[in-house]
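Let me begin by presenting the structure, written as structure tokens, before commenting on it.
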Amino acid sequence: MDDSFVNRAVKKAAAAYERYSDKKIREREAIIQAIRLALLGHTSEIAEMTFRETGMGVVADKVDKLLLVIGQTPGTEDLVTEVKTTDDGMTLYELSPYGVVCAVHPCNNPEATLINTTISCLAAGNAVIHCPHPRALETSKFVVDIINKAIVKACGIDGLVVLLEDASMASTQEMMAHPDVGCIVITGSDTAISHAMRADKKVIGAGPANPPVIVDESADIVRAAEDIVASTTFDNNLLCVSEKAIVVVDGVADALISQMEHCGAVYIDDMDDIVKLTETIVDEDLKPKKVFNGRTAEEIMATAGIQTGGSARLVLVNCVPEHPFACNEMLMPVVPVIRVRDFDEAMKVALEIEQGFHHTAVIHSQSIEHLNYAARTMQTSVFVKNGPAYAGIGYKNEGPCSFSIATRTGEGTVTARHFGRRRRCTLMSAFTIR
């Protein structure tokens with residue numbers, strides 16, 4: 001093979017994996033703990049670098065995201081061993097590493113996803129090669145350098161975590177197809193995931209999202225308003241799980257909007273203003289303009305020439321379900337409000353907005369029947385009841401953290417166990433002591 005960026009990266013990771021494969025589980029965990037401690041000393045620096053390089057989001061929120069993935073990404077404790085005994089003997093199921101994992105990252109949560117994936121891959125016993133988004137290349141280099149220094153100090157292995165410094169699409173595709181790569185984890189469009197699947201190896205595919213939130217007539221309106229504003233303004237709505245459209249029963253819509261205004265939102269229902277805002281942030285193909293991803297509500301409104309009073313955290317827009325704001329994952333603090341007659345219509349509209357991505361949905365309701373029906377019907381990988389959407393990935397919630405939501409390939413919220421091959425070992429006529 002030629003001495004390309006890709007081949008050098010794979011060779012380095014494969015050699016490190018060979019050394020790492022001899023490590024015991026407790027040694028893996030010690031390495032992961034060293035990584036966590038090393039990263040904790042750089043969270044503000046990483047957050048600021050990410051903001052400068054990508055031009056998106058809020059530095060303080062990025063610090064919180066980093067603390068979340070460093071502290072709540074499961075380690076080796078996530079590797080579940082299963083045992084079944086019968087009169088004939090024992091069957092054991094354990095998880096073994098794939099070897100070298102190729103991780104392809106997005107630009108909206110680049111470093112949180114990189115750290116989250118690194119801990120998960122190493123916990124499962126793999127080496128990992130990161131293919132960063134071009135808009136986060138320099139920050140990714142910085143983070144990987146911190147991680148590798150911690151690993152070398154902990155166990156002497158260099159190259160267990162590698163960064164593909166050529167962040168081009170061609171190199172990423174070459175990496176995914178490389179014969180010595182055993183597993184691919186990719187966050188991207190359906191097209192990108194389909195390309196990864198053609199590599200003929202294990203793929204963990206985190207596809208697109210457009211999470212709706214339903215607010216029915218029984219909801220705690222104050223709590224719903226606070227939760228939705230908190231989640232949609234967190235890092236200026238860059239999280240893929242954050243609410244991207246509000247579907248509210250008409251009988252409580254005004255109360256919800258009023259309460260959200262108390263929380264810092266501004267509501268637009270004037271048609272001229274809606275047109276100006278649409279023309280500002282949506283292109284001729286009716287897709288969001290990426291230059292506005294992760295920008296503040298005030299910046300967006302000022303560019304559109306709409307006065308807000310100078311303190312808007314979130315822009316609510318009176319919309320129909322067919323509007324581009326509702327049909328697209330906007331990744332900015334601009335959220336459509338769709339009024340519906342009743343819960344049945346709310347479900348119909350929410351399903352249309354979610355578009356069968358099976359990613360994330362949220363509901364605020366005090367009706368057990370509505371809560372259960374919505375959860376069953378939406379069939380999303382993350383479903384949050386009476387809380388902010390980001391609780392579904394562990395933020396302000398003590399649950400395990402995941403920044404890869406594998407919708408296309410079915411793993412859902414991805415943790416260490418998903419980076420291991422499930423193997424079965426049978427021992428006949430022994431180890432049955434009942």
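Please list, in order along segment 337-349, the HN-Hα scalar couplings obtained from phi with the Karplus expression 6.51 cos²θ - 1.76 cosθ + 1.60 (θ = phi - 60°), rounded to whole Hz, x for Gly and Pro.
10, 10, 8, 9, 5, 7, 5, 4, 5, 4, 5, 4, 5
Picking from Asp344, Asp250, Asp216, which is most flexible by a Gaussian network model of the chain using Cα springs under 10 Å?
Asp344
Counting alpha carbon pairs within less than 8 Å and at least 6 residues apart, what relative contact order, in whole percent, applies to segment 212-393?
32
Which whole-Hz couplings ³J(HN,Hα) result when phi for each residue of segment 155-164 is put into the Karplus expression 6.51 cos²θ - 1.76 cosθ + 1.60, θ = phi - 60°, listed in order with x for Gly and Pro?
With coefficients 6.51, -1.76 and 1.60, one gets 9, x, 8, 9, x, 5, 10, 10, 10, 7 Hz.
If you find the alpha carbon centre of segment 297-359 and of segment 93-167, how far apart are they in angstrom?
What the calculation gives is 35 Å, centre to centre.
Using 11 Å as the cut-off for backbone N distance, which residues of segment 17-59 belong to the label zone defined by a point 7 Å from the Cα of Glu299 along Cα→Cβ?
Residues passing the 11 Å test: 51-59.
If you plug each phi of segment 403-411 into the Karplus form 6.51 cos²θ - 1.76 cosθ + 1.60 with θ = phi - 60°, what whole-Hz ³J(HN,Hα) values come out, in order, with x for Gly and Pro?
Each residue of segment 403-411 in turn: 10, 10, 9, 7, 7, 5, 9, x, 6 Hz.
Over the chain, with a Gaussian network built from C-alpha contacts below 10 Å, which listed residue (Ile184, Ile25, Ile281) shows the highest mean-square fluctuation?
Maximum among the listed residues: Ile25.
Determine, for each peptide in 101-110, 164-173, 269-278, 53-62, the mean count of other beta carbons within 10 angstrom over its residues, then list the peptides with the highest first.
101-110, 53-62, 164-173, 269-278
Among DSSP beta bridges lying fully in segment 212-393, give the percent that are antiparallel, nearest 5.
5
Once fully extended, how much extra length lies between Val275 and Glu29, figured as 0.36 nm per residue of separation less the alpha-carbon to alpha-carbon distance?
83.2 nm
Listed highest first by mean packing, meaning other Cβ atoms within 10 Å per residue, what order do 347-360, 290-303 come in?
347-360, 290-303
To make sure I understand, if each residue's beta carbon is the centre and we count other beta carbons within 10 Å, what order do Glu94, Glu18, Glu174 fall in, fewest to most?
Ranked by crowding around the Cβ, least crowded first: Glu18, Glu94, Glu174.
Restricting to the chain, what percent of DSSP beta bridges are antiparallel, rounded to 5?
30
Taking the Cα-to-Cβ direction at Lys287 and at Asn386 and moving 7 Å from each Cα, how far apart do the two end points lie in nm?
Distance between the two pseudo-spin positions: 4.1 nm.
Students often get this wrong, so check it: of Lys244/Lys276; Lys24/Lys396; Lys24/Lys141; Lys24/Lys153, which have C-alpha atoms separated by over 22 Å?
Lys24/Lys396; Lys24/Lys141
Going by amide H atoms built from the backbone, whose H comes under 5 Å of the H on Val317, apart from near neighbours?
It is Ile268, Val335, Val337, by chain and number.
By how many nm would the segment from Leu427 to Ala170 grow when fully extended, if each residue of separation counts as 0.36 nm and the alpha-carbon distance is taken off?
Value of the extension gain: 87.8 nm.
Using per-residue counts of other Cβ atoms within 10 Å, averaged over each peptide, order 111-123, 27-39 from highest down.
Descending packing order for the listed peptides: 111-123, 27-39.
Laboratory data are not the source of any read-out in this text; all were calculated from the coordinates shown. Given the structure is predicted, the values throughout are model-derived calculations rather than measurements. All Cβ positions, glycine included, derive from the backbone under ideal geometry; neighbour counts span all protein chains shown.
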